[in-house]
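Report on one structure; see the data block that follows.
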Amino acid sequence: MITSLFLLSIGIFILIKGSDFFVDGATSIARIVRIPLIVIGLTIVAFATSAPEILVSFVAAMNDESDLAIGNAIGSNTANIALVLGSMAIVRSVPMKSSALKKLVKNLLIISFLMIIPFFDNVITRIEGQVILFGFFLTMLWLVKYSIDMSKKSDIDDKYLRDQSLASQSILSVSDSIFCLSIGLFLLFYGADVVVIYAVDIAQSLKISETIIGITIIAIGTSLPELSVSITSALKGQHGLAVGNIIGSNIFNLLAVIGLGTAISPAYLQEDIFNIHLMLMLSLTLVIFFITFRKNDAISRHEGFLLLLTFLAYMGYIILTN
C-alpha cells in the first residue's frame, strides 16, 4: 500500500514534467510556423491526449467489451469539462471571448446531441459504430480545413488567434521543439499509465469493486494527460492551447473512441448510461455553450469551483450507487 502510494506520487510527478515539456514544444512550434495555439490544441495536442481513450477503446472492443469504451468516452468527456476545465478556472479564470472558440463549442454541442440517437435503444450496433467512425473522418477533414483558415487570420481582438505571438516567452529551435514534444508525449503516456496502475492497486487494496475502479479511476486516468496539459497551459497563459485541447479531445472521444469500439464490436448498455451519465455530459456541454455565448464570456474561479464540485458529487454518486 505504501509502495503503491509512493509510485503513484512518482507517476503524477512524471505526468507534470511531461506536460511541461509537451506545452513548451507545442507553443514553440506554433510560434515558429505562426499557427494559433488553439489550432495546435484542437488537432495535434487533442489527438495526443485522447490516445489513451482510443487505446482503451480498441483493446476493449477486441475483447468484446465495447461498453467499457463507451463508458470511458462519456466519463472522460465529463471529466474534461468538470474536472479539467473546472481546475483550469480555479488556477486562473479562463477567457472564452473568441469567434473561433464560439464556432468550435457550437460544433461540439451539435455533435454531442447527435450522439444521443444511437443511445436510444441502449444498443450501438457495428453499423452504427461505422457511421460514427465515418462521421469522425468527416469532422477531421472539417477541423483541418478550419484550422488552416484560422491560421491565416490575424484578428488582434481575438486572443485565441493571436496568443502565438507573445514576445515575453522564448521560442525553441525546431529540433528542440520536436525533442520537447517527443519527450513530453512519452512522459505523458508513461506517467498516466503508472498513475492508473497504482491507483487501481490502491483501490483493490481498499477492497473497492472493479466496477467502480473502471468508471472512476480509468476514466479519470485516461483524462490525466488533458488535465496536466491544460493546467500547465493555463499557468503559462496559453488558454488557446488548453481550451482547444479540451474541445478537440471531447470531439475525438465521442466520434473516434465510441466509433472505433462499436465498429469492431457492438455495445449493449445499461439504462443508466443514457439516463444519467450521457445526460450529465450533455448538460455540462450546454453549460460551456452558454458561458461561451454570454456577455461576460469567461469562466470565473467560482464557476470553476462549481464545475469541480459537480464532478466530485458525480463521483460520489457513482460510488454510493455501486
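The values are calculated or read from the model by the stated rules, or taken from the named source; none is laboratory data. Nothing here was measured: the structure is a model prediction, and the numbers come from that model. Please note: Cβ atoms are built from the backbone with ideal geometry, for glycine as well, and neighbour counts cover all protein chains shown. All accessible areas refer to the heavy atoms of the entire protein, side chains included, with ligands and DNA or RNA removed. Shrake-Rupley method; radii C 1.70, N 1.55, O 1.52, S 1.80 Å.
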Taking segment 77-106 as the region of interest, how many residues are within 13 Å of PHE311 (Cβ to Cβ), open to solvent by 10 Å² or more (accessible area, probe 1.4 Å) and polar (S, T, N, Q)? 1
Could you tell me which residue of segment 233-246 is farthest from MET281 (Cα to Cα), considering only residues that are surrounded by fewer than 24 Cβ atoms within 10 Å (Cβ to Cβ) and not small (Gly, Ala, Ser)? LYS236
Looking at segment 119-127, is at least one residue part of a helix (DSSP H, G or I) and modelled with pLDDT of 90 or more? yes
Can you find even one residue in segment 43-54 that is under 19 Å from the mean Cα position of the chain (by Cα), among the aromatic types (Phe, Trp, Tyr), buried (at least 22 other Cβ atoms within 10 Å of the Cβ) and assigned to a helix (DSSP H, G or I)? no
Return the total of residues in segment 248-278 being open to solvent by less than 10 Å² (accessible area, probe 1.4 Å), β-branched (Val, Ile, Thr) and farther than 13 Å from ASN72 by Cβ. 1
Find all pairs meeting these conditions: Cβ atoms under 7 angstrom apart; at least six residues apart or on different chains; first residue within segment 8-26 and free of Cβ contacts under 8 Å to residues at least 24 places away in the same chain and open to solvent by 70 Å² or more (accessible area, probe 1.4 Å); second residue of a type outside the set (Gly, Ala, Ser) and part of a helix (DSSP H, G or I). none
What helices (runs of 4 or more DSSP H) lie completely within segment 235-322 and have 2 or more residues being within 16 Å of SER98 (Cβ to Cβ) and in contact (Cβ under 8 Å) with a residue 24 or more places away in the chain? 239-252, 279-293
Specify which of the listed residues (SER50, SER66) is touching a residue at least 12 places away in the same chain (Cβ under 8 Å) and more than 26 Å from GLY240 (Cβ to Cβ). SER66
Out of all the residues in segment 156-198, which are assigned to a helix (DSSP H, G or I), buried (at least 18 other Cβ atoms within 10 Å of the Cβ) and modelled with pLDDT under 75? LYS159, TYR160, LEU161, ASP163, GLN164, ALA192, VAL196
Of (1) farther than 22 Å from MET140 by Cβ; (2) of a type outside the set (Asp, Glu); (3) modelled with pLDDT of 75 or more; (4) open to solvent by 40 Å² or more (accessible area, probe 1.4 Å), LEU68 fails just (3)
If a residue has to be at pLDDT 75 or above and open to solvent by less than 10 Å² (accessible area, probe 1.4 Å) to count, how many in segment 202-224 make the cut? 3
